[in-house]
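**Student:** Structure provided below as structure tokens; questions to follow.
The values are calculated or read from the model by the stated rules, or taken from the named source; none is laboratory data. In this text, all values refer to a predicted model and were calculated from it rather than measured experimentally. Cβ: placed from backbone, ideal geometry, glycine included. Neighbour counts: every protein chain shown.
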Amino acid sequence: MKTLKFICLFFIGIAYITGCSGNYANIKDQSEDESEVTQKKLINNWSDYDIWMKYTVIAFDPKNDDNKILVGNSWGTVKDQETWTEIVKKNTTSDGDIDPEWSYYGPMTGVREIWGPNGQFYGYVLHQRRDLVSAKVVDKNTVRLWHHYANFGGP
């Protein structure tokens, strides 16, 4: 009986390790000054990016490169200037920083950059300080962005 338990635990451990293995992209913080400049650039040049939003996360994938960011089906997209203008109007502070009205735990972390393991730039992501955002490499030109919403007992 103990052998059977050991074998089952062994295979569960192998499945866990296999499922969690793989190359992950590096999500790098920007300094506060860099973040402010990048936020203004992203707001003003929104049409240069494919933009996705989910809860407290906004992802910007540059359209002019071969690299791609994949997101899940529950993410919304920004496809026109009217939608983007409304989002910016509702979610930008008087200082010009993006701070979504739906953020529960305070200000965003600012802009973070998504870089592949071989130094490829994939885009930008803004997210709430306590949420976990990661990106896993799918192939040499694609990463999948994951968002895990922080839930610490409510706002």
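**Student:** So for segment 68-84 (the condition being surrounded by 12 or more Cβ atoms within 10 Å (Cβ to Cβ) and in a helix (DSSP H, G or I)), does at least one residue qualify?
**Tutor:** yes
**Student:** Related question: Mind checking which residues of segment 1-44 are in a helix (DSSP H, G or I), of a type in the set (Ser, Thr, Tyr) and modelled with pLDDT of 80 or more?
**Tutor:** Passing the criteria: Ser35, Thr38.
**Student:** Then there's this: Among the residues of segment 45-64, which ones are under 19 Å from Ser134 (Cα atoms) and part of a loop (DSSP other than H, G, I, E, B)?
**Tutor:** Answer for segment 45-64, where residues must be under 19 Å from Ser134 (Cα atoms) and part of a loop (DSSP other than H, G, I, E, B): Tyr55, Thr56.
**Student:** Restricting to segment 65-84, name every residue that is out of contact with any strand residue (DSSP E or B) (no Cβ under 7 Å at 6 or more places or on another chain), at pLDDT below 90 and over 14 Å from Ser47 (Cα atoms).
**Tutor:** Gly72, Asn73
**Student:** I'm trying to understand the selection: among the residues of segment 56-89, which are hydroxyl-bearing (Ser, Thr, Tyr) and within 17 Å of Ile27 (Cβ to Cβ)?
**Tutor:** Thr56
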